Amino acid sequence: MIKLAIFDMDGVLTETSHYHYLAWKALADDLGIVIDEAFNEELKGVSRTESLMRILKHGNKLNQYSEDEILQLTTKKNEHYKRLIKAVTPNDLFDGVLEIFKLLKKNNIFIAVGSASRNAPFLIERLGIKSFIDYVVDPSQVRGKPEPDIFLNAASFFNLSSEHCIGIEDAKAGIEAIKSADMIAIGIGDSEVLKDADYIYNSTKDSYTYFETLTLAR
């Protein structure tokens, strides 16, 4: 019996990846590195520091910065990103999310957010969904995706084993993390990218049928 659903943020509950792209592109431009939206796909679901490492590797500048400089660069990117996401409102919540949350709450299934972004609490506030969320994983305290730590941390908070949890993700790294945690993986988006998921849906709204079946089986 499923007792906990762990949702990623970007691409599952809302879409802020374009804001991430704009912030990373501005930083990359400052560093003399060219990235485009296709490259930005490689940054989805991974931590801030790992994203910068991938950008530096892409620009053949991987070993040119100290740890302090890396921290300064990631902080600069994040400050730019935070200015951009101040424009987020409840209207940016994906269709179907509220219906899914209400269904889960009605059936006493906990809801957690397991995002690689440390800005998830801010976005939860801006999207107007704080009352539905039982727990938010602090990604600064665990290893990032594709390691399973984010999902295992959420399960541990509720003292649940993996068999009682599901994860919902839109990124390959996220699906890998869920499967490594021995949980059921729900993929939202490209079926080829998310081919290792147990169930795949084009959109979060489309996944309502899964949650409906899940609750009917209780």
Of the residues in the range 8-24, those that are surrounded by fewer than 19 Cβ atoms within 10 Å (Cβ to Cβ) and modelled with pLDDT of 90 or more come to LEU22
The residue from SER117, SER140 that alone is hydroxyl-bearing (Ser, Thr, Tyr) and farther than 27 Å from ASN202 by Cβ is SER140
Of the numbered conditions (1) within 19 Å of the chain's Cα centre (by Cα); (2) on the phi < 0 side of the Ramachandran plot; (3) in the same structural domain as ASP8 (by TED's automatic domain parsing), GLY96 satisfies every one except a single condition; which is it? (2)
Condition check for GLY174: among the small types (Gly, Ala, Ser) and either free of Cβ contacts under 8 Å to residues at least 40 places away in the same chain or surrounded by fewer than 22 Cβ atoms within 10 Å (Cβ to Cβ) (or both): no
Quick one: count up the residues across the range 25-51 that are surrounded by 22 or more Cβ atoms within 10 Å (Cβ to Cβ) and not small (Gly, Ala, Ser). 3
Filtered residues of the range 24-38 (kept if assigned to a helix (DSSP H, G or I) and more than 14 Å from GLN72 (Cα to Cα)): LYS25, ALA26, ASP29, GLU37, ALA38
Options GLY187, GLY114; residue that is surrounded by 16 or more Cβ atoms within 10 Å (Cβ to Cβ), in contact (Cβ under 8 Å) with a residue 60 or more places away in the chain and either on the phi > 0 side of the Ramachandran plot or out of contact with any His (no Cβ under 6 Å at 6 or more places or on another chain) (or both): GLY114
Of ILE100, ILE35, ILE109, ILE55, which residue is modelled with pLDDT of 95 or more and under 19 Å from ILE175 (Cβ atoms)? ILE100
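The values are calculated or read from the model by the stated rules, or taken from the named source; none is laboratory data. A quick note: this is a predicted structure, and the numbers were derived from the prediction, not measured. Virtual Cβ from ideal backbone geometry, glycine too; neighbours counted across all protein chains shown.
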